[in-house]
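Student: Just passing along the structure, written as structure tokens.
The values are calculated or read from the model by the stated rules, or taken from the named source; none is laboratory data. Predicted model, so just to flag it, every value in this text is computed and none were measured. For neighbour counting, all protein chains shown are included, and Cβ atoms are generated from backbone atoms with ideal geometry for every residue, glycine included.
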């Protein structure tokens, strides 16, 4: 009997998981909310159990497996994820949900940029939308999507998107075509906090190499970014300057459509650029002094700063996307 008790004590403990779902829009517990206990594995996410909140918004799972896990709550048609890192408490876990809206005021990016990387064999394009939802409401519109992107002729029919939700793990999705030619939508909710969409696709090389684009949402200025050694020739663009760490050139798009001839080759993922990218991961990149010669208007400088903030994590995303195509 003594040895049996010792063997039982040596087995891994599976504590319960319990907590409360709180509607951060109302500040009250949210009853009748479905939750799923998930765990990442080699075969992807595995569902380990389901639960439903009671009248006080409380939930309970009998067992908590070892290793990383997460809770997913479905409320008002939106999926919310709460990560539970290894070693963190599994009791009193609070999962945040929000009321959903289709109010177009929340459907405008704070930053919008396109990175062009001509490699000689193709033109690699990454278009980034960064949303900063400072409200306590989620924007969700499956019909029109949270963002729409114009994809030029020659791009693959399947347009991949990497989505980085507020405080969550990056998700890989595919943009959906709309009834408008060349226009794709990204159907993913904009939760409170920062949500990022990175749309990536290659274009075939040509002589001359010309990139055409359209701005579907003019609420935020569109910036074009090219690596050091690459230039854009166009009357539709205005050179703002260079990002100090990578020496990438940043252009402002003047109108709702543009056409630019791309000259030179280069990428943002090698040498000093890698160090710059890894240093930008904390969201607080070092801003070096920039000569004011070309910044005779304040919004140009602000646009350049926004481009710097987004450039580091863009490099990391582009590196992963390139490897997946090889």
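Student: Is it the case that residue 179 is exposed (fewer than 14 other Cβ atoms within 10 Å of the Cβ) and farther than 22 Å from residue 193 by Cα?
Tutor: Against the criterion (exposed (fewer than 14 other Cβ atoms within 10 Å of the Cβ) and farther than 22 Å from residue 193 by Cα), residue 179 qualifies.
Student: Please go through the stretch 219-228 and give me each residue that is surrounded by 17 or more Cβ atoms within 10 Å (Cβ to Cβ), touching a residue at least 60 places away in the same chain (Cβ under 8 Å) and in a loop (DSSP other than H, G, I, E, B), ordered by number.
Tutor: 220, 221, 227 - these are the residues of the stretch 219-228 that are surrounded by 17 or more Cβ atoms within 10 Å (Cβ to Cβ), touching a residue at least 60 places away in the same chain (Cβ under 8 Å) and in a loop (DSSP other than H, G, I, E, B).
Student: Inspect all residues belonging to the stretch 1-17 and state whether any of them is within 27 Å of the chain's Cα centre (by Cα), surrounded by 13 or more Cβ atoms within 10 Å (Cβ to Cβ) and either part of a strand (DSSP E or B) or at pLDDT 80 or above (or both). First the steps, then the outcome.
Tutor: So in the stretch 1-17, the residues within 27 Å of the chain's Cα centre (by Cα) come out as none.
No, the stretch 1-17 has no match at all.
Student: Filter the stretch 91-107 down to the residues that are within 15 Å of residue 167 (Cβ to Cβ) and exposed (fewer than 14 other Cβ atoms within 10 Å of the Cβ) and list them by number.
Tutor: Residue satisfying the conditions is 94 alone.
Student: Mind checking whether some residue in the stretch 108-115 is in contact with a strand residue (DSSP E or B) (Cβ under 6 Å, 6 or more places away or on another chain), in a loop (DSSP other than H, G, I, E, B) and either crowded, with 18+ Cβ neighbours inside 10 Å or at pLDDT 90 or above (or both)? Talk me through it step by step, then tell me what you get.
Tutor: First, pick out the residues of the stretch 108-115 that are in contact with a strand residue (DSSP E or B) (Cβ under 6 Å, 6 or more places away or on another chain): 109-115.
Narrowing the set further to residues that are in a loop (DSSP other than H, G, I, E, B) leaves 109-110.
So of that shortlist, the ones also either crowded, with 18+ Cβ neighbours inside 10 Å or at pLDDT 90 or above (or both) come out as 109-110.
Yes - at least one qualifying residue is present in the stretch 108-115.
Student: Here's something else I'd like to know. Looking only at the stretch 116-136, which residues are assigned to a strand (DSSP E or B) and surrounded by fewer than 18 Cβ atoms within 10 Å (Cβ to Cβ)?
Tutor: Within the stretch 116-136, 122, 132 qualify.
Student: Does residue 168 meet the test of being crowded, with 17+ Cβ neighbours inside 10 Å, touching a strand residue (DSSP E or B) at 6+ places or on another chain (Cβ under 6 Å) and in a loop (DSSP other than H, G, I, E, B)?
Tutor: Criteria not met by residue 168.
Student: Where in the stretch 171-218 are the strands (runs of 3 or more DSSP E), entirely inside, with at least 3 residues that are more than 22 Å from the chain's Cα centre (by Cα) and in the same structural domain as residue 131 (by TED's automatic domain parsing)?
Tutor: On the way: elements: 171-174, 183-186, 193-204, 209-214.
Answer list for the stretch 171-218: 209-214.
Student: Out of the stretch 146-178, which residues are closer than 19 Å to residue 102 by Cβ and modelled with pLDDT under 95?
Tutor: 165
Residue-by-condition table, conditions (1) modelled with pLDDT of 50 or more; (2) under 25 Å from residue 147 (Cα atoms); (3) outside the structural domain of residue 167 (by TED's automatic domain parsing); (4) surrounded by fewer than 15 Cβ atoms within 10 Å (Cβ to Cβ):
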site	(1), (2), (3), (4)
234	yes, no, no, no
241	yes, no, no, no
244	yes, no, no, no
257	yes, yes, no, yes
273	no, no, no, no
287	no, no, no, yes
